[in-house]
Each structure stands twice: as structure tokens, then as C-alpha cells.
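Please read the structure below before turning to the comments.
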Amino acid sequence: ARRSESTLNPNGLEKAMGHIDSVIGLNQLTQILSRPEISALALLSDWLLMGLSDKINEVLEFWSTGQWPLQICATEIEPKNLLSLQAQGLRAVTVITDENLFLNYRHGFHDSVGFVLHDLMHAQKYYRAKDSQMTISKFYLQICDLVTAHLPPSLQERWHYLIADMNTHVLHSLKTFKSLLFDWYDLAAPGLIFSEWLQGLAFHQSLSPPQSEVLAIANTPAEKLASESSLLQMLAVNALKT
């Protein structure tokens, strides 16, 4: 189906081939792809596969031009390794190449193709807010080993999701982490005051005072918080040194 707008090479196929219907079938698509003057970039600029988000095209477009680099992995990457890539300004995309694994692969609700699309969607979110995503990733990378070593097993999956899959607004990410800490507290030390328990955690002792303050205020209503840029500056005090 035709895209509503194009970020690159607008109407590239129209210029190469003349008028094309707003929806094309497989046979016409095959004819288009057989034309040597039609590039994959031109196709992505103007057209969507039915049922797929325009964001998929966007990330493939900018990857093809080198503006959004992707780390292509043949197997699913470990959460900490993915976090490390994000701290460096890269987003990974898992493309299963082993035939047997490709046919039988499952990740949650995703098969092999679905997982590629899942990773591409996260890449689009990551690169649309790259600077803030790099800073929050560096913060989590700074505390990753200590949190992983001491977090109860029942909460590990949520931690892995946070550090590997949540390319979202910084405050949302911090609130999710704070929620994880509250559940950890409920399991570990319900008789203590939360702030006292938090101060004693190994990962918390590695934080700078500004980073500690960010965690203390993470559940404050958004309208009473400092700007996102201020939060990122506070988080970056130690994280940028990693």
C-alpha cells in the first residue's frame, strides 16, 4: 500500500515507472522488483507491506543510508550486551539465519519474522530519541552487574525487559525501575523504611548524589519534576564515565 508520506526519495517509483495504483498485488510487486532501475530504497520510500507500520520503513530507510546503524545478530543477544550496544549508540536487530532455528523459533508471541519486526520497531524508537536513550542506557549499564547479582529471581525477567526492550520516555523508564525496586523491597525487607533499605543496596552505593536524587523523585507527578534534560544531566554524572 502507498505510504501517506515519505522521508526519503518521495514518489521515487512514480518517477521511474509512471502511475501506480494505491494498492498493488504480489504479481505487480514482482514486476517492479525485476526492474534494475528500481532500488529497494525507492520501494521503501513509497510503499508499505500491508499490515506493517510505517516505522518499519523508516528505520530500514535510514539504515540503508547509514544514518541509523544496526547491529545485525544471528542469535538472540543477551540483555546486558544489548544494553551495552545502546550505551554506544547502536541498536541490535536479531535475524535468525539457522534454518532449523528459523522454522521453530519463538520469543514470546513472536516467530522469527515477527522478532525481526519487533527489533526494528524498537530501533525506530531508540533512534528517534538517541541522546536520551544513550544516557539512560549508560546509567543502567553502570548498575547492571550489581542489580543482576542481587535481584530476586522472580524479578529478573522484568529487569531484563527494562534494560533490553524499553526504548521509551526517560521518566517512564525510571518509574518502571522504581516500581521494580518497590517489589524487590516488598520481598526482601518489608519491615524497613524503603529509603533506608534502598541506601543499603550495593548498586545504590555506586550512584552519585544526583543519580540517587533521580531515583528518590522518580514517582513524583511529572508536572512537578524538572525537565527531561535536567533528569538526563543528573543521571549522566557517573554513567558517562562507563
Exercise. With D119, D131, D145 as the choices, which residue is of a type in the set (D, E), in contact with a Ser or Thr (Cβ under 8 Å, 6 or more places away or on another chain) and either assigned to a helix (DSSP H, G or I) or open to solvent by 70 Å² or more (accessible area, probe 1.4 Å) (or both)?
Worked result: D119
Seminar exercise, completed: Across (1) in a loop (DSSP other than H, G, I, E, B); (2) at pLDDT below 85; (3) among the hydrophobic types (A, V, I, L, M, F, W, C), L207 clears everything bar (2)
Exercise. Looking at region 136-151, is at least one residue in contact (Cβ under 8 Å) with a residue 12 or more places away in the chain and under 11 Å from the mean Cα position of the chain (by Cα)?
Worked result: yes
Exercise. How many residues, within region 79-93, are of a type outside the set (D, E, K, R), touching a residue at least 24 places away in the same chain (Cβ under 8 Å) and assigned to a helix (DSSP H, G or I)?
Worked result: 6
Exercise. Does any residue in region 166-195 that is within 30 Å of K130 (Cα to Cα) come within less than 7 Å, Cβ to Cβ, of a residue that is open to solvent by less than 20 Å² (accessible area, probe 1.4 Å) and aromatic (F, W, Y) six or more places away or on a different chain, and which pairs are these?
Worked result: N167/Y126; L180/W159
For this session: Could you tell me which numbered condition I96 fails, if it satisfies all but one of (1) in a loop (DSSP other than H, G, I, E, B); (2) among the aliphatic types (A, V, I, L, M); (3) farther than 30 Å from G66 by Cα?
Result: (3)
For this session: Quickly run through region 59-97 and pick out the residues that are open to solvent by less than 80 Å² (accessible area, probe 1.4 Å) and of a type in the set (D, E).
Result: E61
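The values are calculated or read from the model by the stated rules, or taken from the named source; none is laboratory data. Everything numeric in this text was worked out from a predicted model, so none of it was measured. Virtual Cβ from ideal backbone geometry, glycine too; neighbours counted across all protein chains shown. Only protein heavy atoms, including side chains, enter the accessible area calculation; ligands, DNA and RNA are left aside. Shrake-Rupley method; radii C 1.70, N 1.55, O 1.52, S 1.80 Å.
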